[in-house]
Amino acid sequence: MIHQINRLLNFALNRGLIAQCDLYYAANRLVALLGEPGFTFEQLNESLVSPAPILAEILQLAVERNLVEDTSVRQDLFDTLLMDCLIPRPNEVQKRFAELYLEAPSKATDYFYDLSIAANYIRKTRTDANIIWPFATAFGKLEITINLSKPEKDPRDIAAARQAPASSYPACLLCRENEGFAGNLHHPARQNLRLVQMPEAVAKGGAGGLEADLDEQWFMQYSPYIYYNEHSIFLNSRHIPMKIDRVTFGRLLAILDFLPHYFVGSNADLPIVGGSILSHDHYQGGRHPMPVEGAEVEKSYEFSQFPAISVGRVKWPLSTVRLSGPDQGDLVELADFILGAWRIYSDPSLGIVACSGGEAHNTVTPVARMRAGKYEIDLVLRNNRTSAEYPMGIFHPHEDVHHIKKENIGLIEAMGLAILPGRLMEELAAIEEALGSGREDLGNSEELQKHRDWYAELRRKALASPAIEHHQLVRDEVGDKFLRCLLDAGVFKRDDEGLAGFDRFVSEISGPR
């Protein structure tokens, strides 16, 4: 154990988590947690990106010594406690971020992102296991990922969690109070989480701030299970529900002023078309060129009261209006106007109904970025209405693609990055094996029965093109299924009738006011 403690201390020194003067303090904290009666320092020469290999060795020894139970949840709680001995306090992180920001915003985020990986808050060895591939479409390249980074819970943890008392603190995974939280069987440990406070302009809502609550503070952190480079979360200090309004647009642009090298967007504020956490106001961003960013504007529109703003229909599976201009105030005003018009817009001929039974159905998924010195906002039009035919959502992935994906199309996927369930890794491998062996069906496997009709289609394609490589065939067909998910979620379909409906909506709202 002493050798592993030395490895961890060496890692922390090399990655700048601690300084030389912190060594005895950090070592003594680790020794106490791991029950070592004594300790001696070793000189080591080892360079690692992540502490995960060292923590794995320590956890194995800790299990043997009955310091921790051999389950994934218990071990995650324990190794997070160990890393808390080695990382700077929140005020030190905030101070260093501010110092580097004066040199360049990208230097500050580089530091913060590297710290989050080194602290094992971002469990990079897990996220690196995610399967990723591109898929070319008529709309540009989509990105397909199978998410393997979140470990499955051990049945012993599930059973113990049922018996453990529930707690309302922190209220959710996005609350500011998570920083330093020890965690429990219901809630992951967050001792290695660090936040950076955003400028006052973000809290005030930037150019949309007339309606902002000045008591709010906003913070930045990274996602522990990153889906793309520097996957960041911007969160409200208050636990209040998601809301898309004028303040949202102003705040997104204020974040771009602070971090111009990032994109930032918000999930929609309604169920079905929103994200997984609608109870806490937050945005997501990062340093990654999302597929929608490369999509072209296929038709331009004019709003006479906003001559300096370019407005266009994006060639994209989901119905998207793109606004671009140099002035924040004009952009916020126009985005808010379009949102207000869309909130009450109906076109029953296309299945678009703004309200039924007292429930509102229309909203947007906004995404903002800087391009060529101008602000750019994409407004993805959304509708969450259900029907007897489509109980999970009319503008939601339909049942024939549920064997691949049936979850919501949230912000990240609306931008063209698929987050597919981890179960697909083994299921797709079994399908490839069946194709390779020439089997007529998938046998009696219960897990594979949902793919039965799809397999028959794959087999026909494989037989029609014997030279096709089965692995690539399956990946291409998965990409096509994700494209179908996006097309299903589009409110104005990508046919003549749907695009005419899109133009009709813009025409009705773009005249003089």
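The values are calculated or read from the model by the stated rules, or taken from the named source; none is laboratory data. This structure is a prediction, so every number in the text was calculated from the model and none was measured. Backbone-built Cβ (ideal geometry, glycine too); neighbour counts: all protein chains shown.
Has region 339-353 got at least one residue that is loosely packed, with under 15 Cβ neighbours inside 10 Å, in a strand (DSSP E or B) and modelled with pLDDT of 95 or more? Scanning region 339-353, I find no residue that is loosely packed, with under 15 Cβ neighbours inside 10 Å, in a strand (DSSP E or B) and modelled with pLDDT of 95 or more, so the answer is no. Note on region 231-253: residues that are among the aliphatic types (A, V, I, L, M) and in contact (Cβ under 8 Å) with a residue 60 or more places away in the chain total 4. Considering every residue within region 390-407, establish whether at least one is assigned to a strand (DSSP E or B), out of contact with any Asp or Glu (no Cβ under 7 Å at 6 or more places or on another chain) and modelled with pLDDT of 95 or more. Looking through region 390-407, none of the residues is assigned to a strand (DSSP E or B), out of contact with any Asp or Glu (no Cβ under 7 Å at 6 or more places or on another chain) and modelled with pLDDT of 95 or more.
Restricting attention to region 489-505, and to residues there that are of a type in the set (A, V, I, L, M) and in a helix (DSSP H, G or I), which single residue is farthest from Glu302 (Cα to Cα)?
This residue is Ala489.
Condition check: of a type in the set (Val, Ile, Thr), surrounded by 14 or more Cβ atoms within 10 Å (Cβ to Cβ) and touching a Leu at 6+ places or on another chain (Cβ under 9 Å). Does Ile412 satisfy that? Here the answer is no, as Ile412 does not meet what is asked. Evaluation of Lys150 against the conditions (1) within 22 Å of Gly286 (Cβ to Cβ); (2) at pLDDT 85 or above shows that the sole unmet condition is (2). Within this structure, Gly479 fails the test of being touching a residue at least 40 places away in the same chain (Cβ under 8 Å) and over 30 Å from the mean Cα position of the chain (by Cα).
Can Glu447 be described as part of a helix (DSSP H, G or I), among the acidic types (Asp, Glu) and touching a residue at least 24 places away in the same chain (Cβ under 8 Å)? No; evaluated as a whole, the condition is false for this residue.
Gly208 versus (1) surrounded by fewer than 21 Cβ atoms within 10 Å (Cβ to Cβ); (2) in a helix (DSSP H, G or I); (3) not hydrophobic (A, V, I, L, M, F, W, C): which is the lone unmet condition? Among (1) surrounded by fewer than 21 Cβ atoms within 10 Å (Cβ to Cβ); (2) in a helix (DSSP H, G or I); (3) not hydrophobic (A, V, I, L, M, F, W, C), the lone unmet condition for Gly208 is (1). The set of residues from region 339-377 being under 23 Å from the mean Cα position of the chain (by Cα) and of a type in the set (A, V, I, L, M) comprises Val364, Val367, Ala368, Met370, Ile377. Annotation note: of Gly443, Gly410, Gly436, Gly422, the sole residue that is under 30 Å from Asp503 (Cα atoms) and of a type in the set (Gly, Ala, Ser) is Gly410. Within region 425-445, the presence of a residue that is of a type outside the set (Ser, Thr, Tyr), at positive phi and touching an Asp or Glu at 6+ places or on another chain (Cβ under 8 Å) is excluded. Return yes when Leu67 is surrounded by fewer than 19 Cβ atoms within 10 Å (Cβ to Cβ), within 32 Å of the chain's Cα centre (by Cα) and modelled with pLDDT under 95 and no when it is not. Judged against the criteria, Leu67 is not a match. In region 354-381, the residue that is farthest from Glu508 (Cα to Cα) out of those that are charged (D, E, K, R) and loosely packed, with under 15 Cβ neighbours inside 10 Å is Arg371.
Here is a list: Leu9, Leu77. Which entry is at pLDDT below 95 and buried (at least 16 other Cβ atoms within 10 Å of the Cβ)?
Every option except Leu77 fails the conditions.
Can Ile272 be described as in contact (Cβ under 8 Å) with a residue 40 or more places away in the chain, within 25 Å of Ile409 (Cβ to Cβ), β-branched (Val, Ile, Thr) and in contact with a strand residue (DSSP E or B) (Cβ under 6 Å, 6 or more places away or on another chain)? The answer is no for Ile272.
Among the residues examined, His361 does not qualify as in contact with a helix residue (DSSP H, G or I) (Cβ under 6 Å, 6 or more places away or on another chain) and either assigned by TED's automatic domain parsing to the domain that holds Pro307 or at pLDDT 95 or above (or both).
Does Gly286 meet the test of being buried (at least 20 other Cβ atoms within 10 Å of the Cβ), at positive phi and not charged (D, E, K, R)? The answer is yes for Gly286. Of the residues contained in region 119-132, one or more are found to be surrounded by fewer than 17 Cβ atoms within 10 Å (Cβ to Cβ) and more than 29 Å from Ile5 (Cβ to Cβ).
Just to be sure I understand, how many residues within region 289-330 are part of a loop (DSSP other than H, G, I, E, B) and either buried (at least 19 other Cβ atoms within 10 Å of the Cβ) or among the aromatic types (Phe, Trp, Tyr) (or both)? Number satisfying all stated conditions: 9.
The set of residues in region 397-409 being among the aliphatic types (A, V, I, L, M) and out of contact with any Leu (no Cβ under 7 Å at 6 or more places or on another chain) consists of Val401 alone.
State which residue is surrounded by the most Cβ atoms within 10 Å (Cβ to Cβ) when the search covers only region 238-259 and only residues that are over 11 Å from Tyr375 (Cα atoms) and out of contact with any helix residue (DSSP H, G or I) (no Cβ under 8 Å at 6 or more places or on another chain). Only one residue fits best here, namely Met242.
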